[in-house]
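Participant: Just dropping this structure here.
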Amino acid sequence: MRQMSVYRRAHFNAAHRLHNPAWTSEQNEEVFGLCNNEYYHGHNYELEVKVTGPVDPETGYVIDLKILNDIIKHKIEAKFDHKNLNLQVEEFKTLNPTAENICWLIWKILKEHLDPKFKIGVRLYETPRNYVEYEEQA
């Protein structure tokens with residue numbers, strides 16, 4: 001059976017502060033710089049989700065992109081869009097909301113809501129030039 005990958009893009013805006021509470025103010029400022037602003041700062045995140053799996057011989061789809069779109073909209077965008085990640089997203093009350101950790105959390109949420117037959121990859125652009133990617137290993 002043919003394996004293919006399909007992609008869906010999405011977008012959300014969110015604010016965060018990179019901060020390690022176990023460190024001094026000086027150490028946080030040295031490591032995180034402007035991203036440690038105590039009043040937070042925001043990004044226009046661009047998200048790309050990759051779903052790899054077998055092509056269904058009856059539909060010709062790997063996954064119905066409407067279904068994938070709905071999952072992204074209701075489980076990712078609703079959770080992150082126009083939020084202060086540190087204050088409004090439960091996982092980031094104890095996890096530093098770096099691009100790496102945001103990407104991993106998005107992957108984890110998608111993994112919980114998609115058929116286990118799929119291999120999922122997530123690419124998250126924090127800026128047009130800076131992005132991170134997480135893809136489960138085979």
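No value in this document is a laboratory result; all are computed from the given coordinates. Every value quoted in this text rests on a predicted model; they were computed, and no experiment measured them. Methodologically, a virtual Cβ is constructed for each residue, glycine included, from the backbone with ideal geometry; neighbour enumeration extends over all protein chains shown.
Participant: What are the residues in segment 113-134 that are acidic (Asp, Glu) and out of contact with any helix residue (DSSP H, G or I) (no Cβ under 8 Å at 6 or more places or on another chain), if any?
Facilitator: ASP115
Participant: Let me ask something additional. Just for segment 107-135: of the residues that are part of a strand (DSSP E or B) and among the β-branched types (Val, Ile, Thr), which one is nearest to GLN3 (Cα to Cα)? Full working, then the answer.
Facilitator: Taking segment 107-135 as the starting set, the residues that turn out to be part of a strand (DSSP E or B) are 119-125, 131-135.
Then drop every residue that is not among the β-branched types (Val, Ile, Thr), which leaves 120, 122, 132.
On the way: ILE120: 13, VAL122: 18, VAL132: 24 Å.
Taking the candidates together, the pick is ILE120.
Participant: Kindly list the number of the only condition in (1) more than 22 Å from VAL132 (Cα to Cα); (2) assigned to a strand (DSSP E or B) that fails for TYR61.
Facilitator: Against the list (1) more than 22 Å from VAL132 (Cα to Cα); (2) assigned to a strand (DSSP E or B), TYR61 comes up short only on (2).
Participant: If I go through segment 39-59 residue by residue, how many of them are over 25 Å from HIS82 (Cα atoms), touching a residue at least 60 places away in the same chain (Cβ under 8 Å) and among the aliphatic types (A, V, I, L, M)?
Facilitator: Total meeting the criteria: 1.
Participant: Shifting gears a bit: Only residues that are free of Cβ contacts under 8 Å to residues at least 12 places away in the same chain and part of a loop (DSSP other than H, G, I, E, B): list them for segment 1-38, please.
Facilitator: The answer is PRO21, ALA22, TRP23, THR24.
Participant: Could you please give the count of residues in segment 14-50 that are more than 17 Å from TYR131 (Cα to Cα), buried (at least 18 other Cβ atoms within 10 Å of the Cβ) and out of contact with any strand residue (DSSP E or B) (no Cβ under 8 Å at 6 or more places or on another chain)?
Facilitator: Total satisfying the criteria: 3.
Participant: In this structure, does LYS75 turn out to be in contact with a Ser or Thr (Cβ under 9 Å, 6 or more places away or on another chain), within 20 Å of VAL122 (Cα to Cα) and not aromatic (Phe, Trp, Tyr)?
Facilitator: It is false that LYS75 is in contact with a Ser or Thr (Cβ under 9 Å, 6 or more places away or on another chain), within 20 Å of VAL122 (Cα to Cα) and not aromatic (Phe, Trp, Tyr).
Participant: Among VAL6, VAL55, VAL31, which is within 24 Å of the chain's Cα centre (by Cα), closer than 20 Å to LEU114 by Cβ and not polar (S, T, N, Q)?
Facilitator: Selected residue: VAL6, the only one of VAL6, VAL55, VAL31 that is within 24 Å of the chain's Cα centre (by Cα), closer than 20 Å to LEU114 by Cβ and not polar (S, T, N, Q).
Participant: Then there is this: Could you identify the single residue in ASN101, ASN130 that is polar (S, T, N, Q) and closer than 13 Å to HIS16 by Cβ?
Facilitator: ASN101
Participant: Here's a follow-up. Can you go through GLY53, GLY60 and tell me which one is surrounded by 17 or more Cβ atoms within 10 Å (Cβ to Cβ) and among the small types (Gly, Ala, Ser)?
Facilitator: Numbers: GLY60 fails: surrounded by 17 or more Cβ atoms within 10 Å (Cβ to Cβ).
None of the other options fit; the residue is GLY53.
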